[in-house]
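Laboratory data are not the source of any read-out in this text; all were calculated from the coordinates shown. As the structure is a computational prediction, the values presented were derived from the model and not from experiment. All Cβ positions, even for glycine, are placed from backbone atoms using ideal geometry, and neighbour counts span all protein chains on display.
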Amino acid sequence: MRRLLCDGMLAGLARWLRAAGHDAALAAPGEPDARLLEHCRADSRVLLTRDRRLAGRAAPTLAVVQLDGNDAEADAVRLARALDLDWTFAPFTRCMVDNTPLMAAGPDEIARMPGRTRALAGPFRACPTCGRVYWPGSHARRMLAKLQRWRDLAAAGG
């Protein structure tokens, strides 16, 4: 699995990559380009950016994928092809907020979930960093359908 770093303009993409189970860090707001590139080098991350100038500066020494940023579906396909990335790698195993690998939710986390969701089959997961709880509700089904669509489009050449 490749480790990724999204520039600040690709925060939405970072959340989708995390939803797919990929390690996708996000640049800090206002992080200078030089620091962002050093972060990529130090953590052996592939840079994902919309910025042509930044991609040009990074390309000689770092793996970089330049995306358009205006069409999420086109970017998803381009990224999948460029990195042989599977959009259904390990769905909902990383926190979409802070990129931390999720753990099985314990009784305390499950007790914080809305009442009807506790009757679902699971799995119930929690982020040990931010405390957010994840469950397989309708939002997860809709998101998984989109991830599967992106996977299928990339495989089909679409």
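What's the angle, to the nearest 10 degrees (0 to 90), between helix 33-43's Cα axis and the longest principal axis of the chain?
Result, in degrees: 60.
Under a plain spin-label model, where a point goes 7 Å from the Cα along Cα-to-Cβ, how far apart in nm are Arg52 and Ala90?
Using points 7 Å along Cα→Cβ, the separation is 3.7 nm.
Using Cα atoms only, what is the angle between the long axis of helix 72-83 and the major principal axis of the chain, expressed in degrees (0 to 90) to the nearest 10?
The angle comes out near 70 degrees.
For the stretch 5-94, what does the equivalent ellipsoid look like in terms of its semi-axes, each the square root of 5 times an eigenvalue of the Cα gyration tensor, given largest first in whole Å? Kindly include the intermediate steps, with their values, before the conclusion.
Working: eigenvalues 80, 40, 30 Å².
Working through the eigenvalues yields semi-axes of 20, 14, 12 Å.
Against the empirical 2.2 N^0.38 Å scaling, what ratio does the C-alpha Rg of the stretch 103-156 come to? Mind showing how you got there, number by number?
On the way: Rg = 13.8 Å, N = 54, 2.2 N^0.38 = 10.0 Å.
Compactness ratio reported: 1.37.
Working from Cα positions, state the angle (0 to 90°, nearest 10) between the long axis of helix 138-156 and the longest principal axis of the chain.
Around 40 degrees separate the two axes.
Along the Cα→Cβ direction, 7 angstrom out, place labels at Asp152 and Thr61. What is the inter-label distance in nm?
4.4
Near Ala55, within a Cβ-to-Cβ distance under 11 Å, what is the net charge of the other residues, with Lys and Arg +1 and Asp and Glu -1? Don't skip to the answer; put the middle values down first.
Details: positive: Arg50, Arg52, Arg53, Arg57; negative: Asp7, Asp33, Asp51.
Residues close to Ala55 contribute a combined charge of +1.
First check a/c for the stretch 42-115, with a ≥ b ≥ c the square roots of the eigenvalues of its C-alpha gyration tensor; if it is under 1.5, answer rounded, and if not, answer prolate when a/b is larger than b/c or oblate otherwise.
Details: a/c = 2.80, a/b = 2.20, b/c = 1.27.
In terms of gyration-tensor shape, prolate.
For the chain, take the convex hull of the Cα atoms, compute a quarter of its surface area, and give me that in nm², please.
Details: hull surface 39.2 nm².
Value for the chain: 9.8 nm².
Treat every Asp and Glu Cβ in the stretch 1-157 as -1 and every Lys and Arg Cβ as +1, leave all other atoms uncharged, and give the resulting dipole magnitude about the Cα centre to the nearest 20 debye. Don't jump to the answer; show the numbers that get you there.
Numbers: 24 positive and 17 negative charges, 73 e Å.
Dipole of the stretch 1-157, to the nearest 20 debye: 360 debye.
When Lys and Arg each count +1 and Asp and Glu each count -1, what net charge do the other residues less than 10 Å away from Gly69, Cβ to Cβ, add up to?
Details: positive: Arg50; negative: Asp7, Asp51, Asp68, Asp71, Asp75.
Net charge around Gly69: -4.
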